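Working notes, beginning with the structure itself.
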Amino acid sequence: MKPSLNPNLLDKSKTYIVAVSFGPDSMALLHLLQQAGFKVEVAHVNYHLRKESDLEQSQLEQYCLEHDLPMHVLDVSSMPKGNIQAQARTIRYDFFKQLVTTFRADGVLTAHHQDDDLETAMMQRQRSNLYEYFGIRPVGDWEGITIYRPLLNQTKQDLIDYCFNHQIPYAIDQSNAKLIYQRNRVRANLGTLSASEKHKMRIAFQKENEHRKKLTKFLKPLTLRHTLAIQTYLQWDRLTQFLFWILFNQSQIIYTPITESWLKKIEQILKAKKPNVMVPYSKGWHVEKAYEKFWIIKDEDAKPYEYLNPQGTLSLPLMTIHLDRIKVLPKTFILRSCQPHDLLKIKTYAKPFRRLAIDWKMPLFLRRVWPVFTTLKGEVILLPRYQKNLVDKANNWLEILE
């Protein structure tokens with residue numbers, strides 16, 4: 001079967017950075033892009049980890065010269081300590097990101113194929129972790145740049161055959177045969193399976209991803225809010241809980257990884273008898289448990305405020321106040337966030353806001369931003385009672401944003 005590019009991913013009016021290692025996969029991708037008339041900038045990274053690296057770079061440079069292809073090389077003089085494969089990945093994708101910015105490219109093209117996809121899914125399965133998606137997505141992201149993988153429907157053998165039939169030069173990285181790396185061990189095991197067995201495995205992983213897709217559709221509207229009933233959350237299985245946090249992070253552009261230890265921690269907090277708990281989440285964010293609900297709050301949104309004679313509609317991060325609906329305000333007043341000592345007169349006595357908030361079972365973050373109207377001398381004119389219908393009814397003058 002002749003390999004082809006995924007027609008739904010790419011646009012010939014745009015420029016792409018194409019990652020080329022000089023292996024058969026990336027050389028086939030480069031040739032297919034040439035034949036289709038795409039505008040590309042070739043990116044190559046030489047880690048100098050193999051004695052053949054310089055020769056392969058030279059051969060790729062010769063190919064690009066002969067075909068009038070712009071080529072950019074990152075020469076890595078030394079590798080940082082740690083996981084070599086992970087470090088190499090970070091180095092090359094940071095390089096690709098620089099090229100995307102320099103050439104105002106739409107994104108990066110990589111030559112990941114069907115076998116890579118299955119290998120990745122198998123590695124995920126072996127690790128027994130929670131995953132948003134099994135395998136490799138056709139479109140991904142690296143720190144804000146788009147990664148396109150237009151060959152995921154092709155097999156490794158298809159690409160090798162394509163190079164042979166079109167006399168495209170390439171080199172085989174012999175380090176891929178070393179079984180010291182997990183991916184190489186998985187690749188070796190998959191190499192013993194028949195095409196039919198691999199097909200069945202792919203179908204199984206596709207079903208897993210379809211299940212996650214349905215969960216995502218169900219969860220997405222919930223993650224657009226900042227609060228959820230504790231009982232609802234605790235009834236979900238671990239995968240659903242995991243996807244909830246992943247989707248919330250995506251909606252708020254938060255990069256905090258969601259680990260099993262975090263999921264256990266939040267579950268313990270939500271199950272605890274203590275009604276009010278506040279725990280850090282990500283930088284600038286925290287989670288607050290308040291009785292039967294929990295909120296995910298941005299620290300900046302729960303800061304004190306003060307306004308002199310505000311008019312019309314005042315939109316605060318966590319609430320909206322329709323001042324034109326309030327009939328008891330004088331011409332001159334102050335609207336500010338409540339203080340613990342603010343007093344509300346109830347019949348023949350006055351009660352401090354600190355005690356009222358406890359009686360009302362008010363979430364901690366709302367206690368920091370709850371509105372109070374006072375005179376210039378600080379006498380309380382209006383201190384609204386916290387109640388659930390302030391959340392549910394939009395015709396109130398005070399709307400709590402969830």
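The values are calculated or read from the model by the stated rules, or taken from the named source; none is laboratory data. Treat the numbers as computed from the prediction; the structure is a model and nothing was measured. Here the Cβ is made from the backbone with ideal geometry for all residues, glycine too, and neighbour counts use every protein chain on show. Only protein heavy atoms, including side chains, enter the accessible area calculation; ligands, DNA and RNA are left aside. Shrake-Rupley method; radii C 1.70, N 1.55, O 1.52, S 1.80 Å.
Annotations
- Longest to shortest principal axis, alpha-carbon extents of the chain, angstrom: 95, 41, 39
- By the equivalent-ellipsoid construction on the alpha carbon gyration tensor, the stretch 135-237 comes out with semi-axes of 38, 18, 15 Å, ordered largest to smallest.
- Linear extension gain, THR375 paired with GLU132, 0.36 nm per residue minus alpha-carbon span: 82.1 nm
- Shown here for the stretch 118-220: GluC sites (Glu not before Pro) in loop regions (DSSP other than H, G, I, E, B) with at most 13 other Cβ atoms within 10 Å, namely GLU143.
- Net charge of neighbours whose Cβ lies under 14 Å from the Cβ of TYR233, counting Lys and Arg as +1 and Asp and Glu as -1: +3
- Here the chain is scanned for chymotrypsin sites (Phe, Trp or Tyr not before Pro) in DSSP loops (not H, G, I, E, B) that have at most 11 other Cβ atoms within 10 Å, and the longest stretch holding none of them is 1-254.
- Note on the stretch 311-402: lysine pairs with Cα distance below 20 Å, sequence gap of 8 or more or different chains, count 9.
- DSSP beta bridges confined to the chain are antiparallel in about 70 percent of cases.
- GNM flexibility winner over the chain from LYS331, LYS265, LYS274 (Cα, springs under 10 Å): LYS331
- Cα-based Kirkwood hydrodynamic radius, the stretch 16-103, one decimal, Å: 13.6
- Ranked order, GLU56, GLU306 - accessible area, probe 1.4 Å, largest first: GLU306, GLU56
- The helix-based estimate of mean residue ellipticity at 222 nm for the chain, built from -39,500 (n - 2.57) per DSSP H run of four or more residues and divided by its residue count, is -12500 deg cm²/dmol to the nearest 500.
- Candidate lysines - alpha carbon under 30 Å from LYS156, same-chain residues fewer than 8 apart omitted: LYS2, LYS12, LYS14, LYS39, LYS51, LYS97, LYS178, LYS198, LYS200, LYS207, LYS213
- Counting Lys and Arg as +1 and Asp and Glu as -1 over every other residue whose Cβ lies under 14 Å from the Cβ of SER53, the net charge comes to -3.
- Among the helices of the chain, those built from whole DSSP H runs whose Cα atoms reach 27 Å or more along their own axis and whose mean Kyte-Doolittle hydropathy is at least -1.0 are 84-103.
- Under 5 Å between amide hydrogens, built in the peptide plane, is the criterion, and for ALA111 it picks out nothing among residues at least 5 positions away or on other chains.
- Selection of trypsin sites (Lys or Arg not before Pro), the stretch 1-69, meeting DSSP coil and at most 14 other Cβ within 10 Å: LYS12, LYS14, ARG50, LYS51
- Accessible area expressed per residue, the chain, with surrounding protein chains retained (probe 1.4 Å, Å²): 55
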